[in-house]
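Take a look at the structure below.
Every number in this text was worked out from the coordinates using simple rules, so none of it is lab data. Note that the structure is a prediction, hence the values are computed from the model and not measured. Positions of Cβ are generated from backbone atoms using ideal geometry, with glycine treated the same way; all protein chains shown enter the neighbour counts.
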Amino acid sequence: MAKLLASVRMGAMPGAPTAVHAAIDRLLSRLDAEHRDEFADRVDRWWPDVESGVTALYGQTHDIETLCVDLISRAARAFADRDPELHRLDRIRMLTPDWLQQPGMVGYACYTERFADDLQGVATHLDYLGELGVSYVHLMPLLRPREGDSDGGYAVADYRSVRPDLGTTEDLRNLARQMRAHGMSLVMDLVLNHVAREHVWAEKARAGEKEYRDYFYIYPDRTKPDEYEATLPEVFPDFAPGNFTWDEDVEGWVWTTFNEWQWDVNWSNPAVLGEYADIILFLANLGVEVMRLDAIAFTWKRVGTNCQNQPEVHDLTQVLHALSRMAAPAVAFKAEAIVGPRDLIQYLGTGTHVGKVSDLAYHNSLMVQAWSMLAVSDTQLTRQALRALPSTPSTGTWITYVRCHDDIGWAIDDRDAEAVGLNGFLHRRFLADWYAGDVAESWGRGMVFQFNEETGDKRTSGTAASLAGLEAARNDDEIQHALARVFLIHALAYGWGGIPVIWSGDELGTLNDPIWAAEPGHAEDNRWAHRPRLDWQAAERRGDLRTREGKIFQGLAHLAKVRASLPQLHASAESRIYGEHIDRGLLATLRNHPSGPMLCIYNVTEDWRPFPGMEFEPIGFTNPVNALGNNHPVAIGEDGYIWLSPFAAWWVVDQPVG
Ligand code: GLC
């Protein structure tokens, strides 16, 4: 049998060279033959991805085989250490490669301490998440950060220990286990563009160790920094202007894209790749199932560019992806690339990278467009922008969301704006002002984040409910409108395809946190306004439909339930913008799926709007019903239209047979 398998392996694919197999045989000698074979097969399967990625990254400067043997040895060690329960999960995931694409997936994202004090606390609230239909739980950074301000944990001081006030790595392992028992996957950040100035690599660099100095970009004078700055944007112009920070200890300018205590690591040094491969595999072996690749767009630098979305970013993701497929194939990658719509798709894999980079990426454009439509009661720009997006590869899908822990950057493409007769800059400015409540008539109550005086760019903080008008609402009508907007915008996220992720508190309609600035280190960063602590007293009202908490919570639970029942929402079918000619207050999206079409219609206005009844038959409907409205038949009026009430959200499918 072993012989037959060996020939299958060699016959089917070129496989990894003998030197690689010899190294892994030595490393895995304590495992039984079956496990050794299993790993060897995976190495052959993923070898080409490691080799081609490493060649693209370091082919000019390093010996490729040595680097590959080193990297694959790391995967072999992690494979050998992996818990039997996780090996089983690997097999289950390999039997269900589309697990992230299934309509039953719904996500939730929160800060551990703000949701439930600590990791053990999270474990006690899994039933609450279960009520929302959640199967994917993203806990915000919880590895040990630097002391003081740590950008919400995005300045990691130690990737191998948990923040002491949240628990221990054992607590994390247990939580992951309990989540699995609840049918939930643990999602965590992997901050890989920078480390805290207090991380041991930076400490060693500061102590003068050359090996570790090379883990960073450090320049003795301003020549190089100035050359880069000529084309670099600023991420935090308010509180961290510029991209370089003078550091006395290293006597040099350190690359710090974000805050001055977040040191960008140097991915052009292969030692850094090896370190992060180990970190990923360490977290995978604790039971983390999805790694959110934080700020991935920034990881490769090239003079004369904005140092984002460089092609090498995808090569390094490919290598890390292949290594994790070898050791822990249950693990998936999610790219956090909040970039222009046309750069975004690369993170899900295009060209030679299809199926080899991230499995998930944030649909930033959909989120921005959703808020834009609500502000202007018009869907023209949204139709244009979403139509212009390229198709997604079948191996990847979107994270669709309404809010997250970050500000909203108004990523409206100038070309899209122009195509519908708008000025991109002015529209972005309008949205920032509208959602800051700075425009007469505005119901938005967010805040301006990071006003860049040089470019005029403004971003926005605020919870979904505050942005949607619940904070500003003065009477019943306005409250109803705000609640309807909250539901509508979530319906769009749940109905697009991909994994909708709820931002903690939004399921209860939580308003901006009035005391957001009170905590040490938070005062300058108003993103804390939309990162409130979960109000468990308010959560108790979630079953009471007379309360706003009940209305929103039950609305989202309903969306999850209906979603899970619709095969059309499997992410393998794509949403397309439907109908050039329909009323501009309506957005219609069509999914063509072998189980039948699904047409979602959203009214983004406060008025009744008409949708032509004659559209249904040509799409292929025979007996259309609104799945969100208890499968109520779609009734075409005598005037030939169906009329959608203010802010209505309809998911039209054919009446299920039987
Ligand atoms: C990502 C995070 C953001 C953080 C930044 C730096 O964009 O979402 O919160 O400030 O990375 O780590």
- Query: In segment 368-517, with Lys and Arg counted as +1 and Asp and Glu as -1 at Cβ, which of these residues, GLY505, ALA465, THR395, has the Cα nearest the positive end of the dipole, that is, farthest along it?
  - Reply: THR395
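Hey, what did segment 3-127 get for relative contact order, percent, Cα under 8 Å, at least 6 apart? If you can, show how the numbers build up before the last one.
Working: 55 pairs, mean separation 28.1, N = 125.
Rounded, it is 23 percent for segment 3-127.
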- Message: In whole Å, what are the extents of segment 52-142 along the principal axes defined by its C-alpha atoms, from largest to smallest?
- Response: 52, 31, 26
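Using the crude model of +1 on Lys and Arg Cβ and -1 on Asp and Glu Cβ, and no other charge, please compute the dipole size for the chain relative to its Cα centre, in debye to 20.
On the way: 60 positive and 93 negative charges, 379 e Å.
My answer is approximately 1820 debye.
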- Item | TRP201, TRP650 arranged by Cβ crowding within 10 Å, fewest neighbours leading | TRP201, TRP650
- Can you work out ³J(HN,Hα) from phi for every residue in segment 474-491, in order, using Karplus 6.51 cos²θ - 1.76 cosθ + 1.60 and θ = phi - 60°, giving whole Hz and x for Gly and Pro? 10, 8, 4, 4, 5, 5, 4, 4, 5, 4, 5, 5, 4, 5, 4, 5, 6, 4
- Amide H partners (placed H, <5 Å) of ARG163, local residues excluded: LEU143, ARG144
- Item | Anisotropy class of segment 13-107 from Cα gyration tensor, a/c 1.5 cut | oblate
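Per residue, what volume in Å³ does the Cα convex hull of segment 292-439 take up?
Values: hull volume 18.6 nm³, N = 148.
Taking the convex hull of the Cα positions in segment 292-439, it is 126 Å³ per residue.
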- Given Cα pairs under 8 Å that are at least 6 residues apart, what percent is the relative contact order of the chain? 12
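Decide, for segment 463-537, between rounded, prolate and oblate: order the square roots of the alpha carbon gyration tensor eigenvalues as a ≥ b ≥ c, take rounded if a/c falls under 1.5, and otherwise choose prolate if a/b is larger than b/c, else oblate.
Numbers: a/c = 2.32, a/b = 1.34, b/c = 1.73.
Oblate, because a/c is 1.5 or more while a/b does not exceed b/c.
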- Order the peptides 596-609, 121-134 from the highest to the lowest mean number of other Cβ atoms within 10 Å of their residues. 596-609, 121-134
- Using θ = phi - 60° and the Karplus form 6.51 cos²θ - 1.76 cosθ + 1.60, what ³J(HN,Hα) does each residue of segment 192-201 get, whole Hz, x for Gly and Pro? 10, 9, 7, 10, 5, 4, 8, 5, 4, 5
- With the chain reduced to its Cα atoms and the Debye formula applied, log10 I(q)/I(0) at q = 0.09 1/Å amounts to -0.77
- Item | Considering only the chain, percent of DSSP beta bridges that pair antiparallel, nearest 5 | 60
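Just to check, using Stokes-Einstein with a Kirkwood Rh over alpha carbon pairs, what's the diffusion coefficient of segment 223-292 at 10 °C and 1.306 mPa s in µm²/s? Walk me through the intermediate numbers first.
Values: Rh = 14.3 Å.
It comes out at roughly 111 µm²/s.
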- Message: Through the Karplus equation 6.51 cos²θ - 1.76 cosθ + 1.60, θ set to phi - 60°, convert the phi angles of segment 66-72 into ³J(HN,Hα) values in whole Hz; use x for Gly and Pro.
- Response: 4, 4, 5, 4, 4, 5, 5
- Query: Taking only DSSP H segments of four or more residues, each worth -39500 (n - 2.57), what value at 222 nm results for the chain once the sum is divided by all its residues, to the nearest 500 deg cm²/dmol?
  - Reply: -11500 deg cm²/dmol
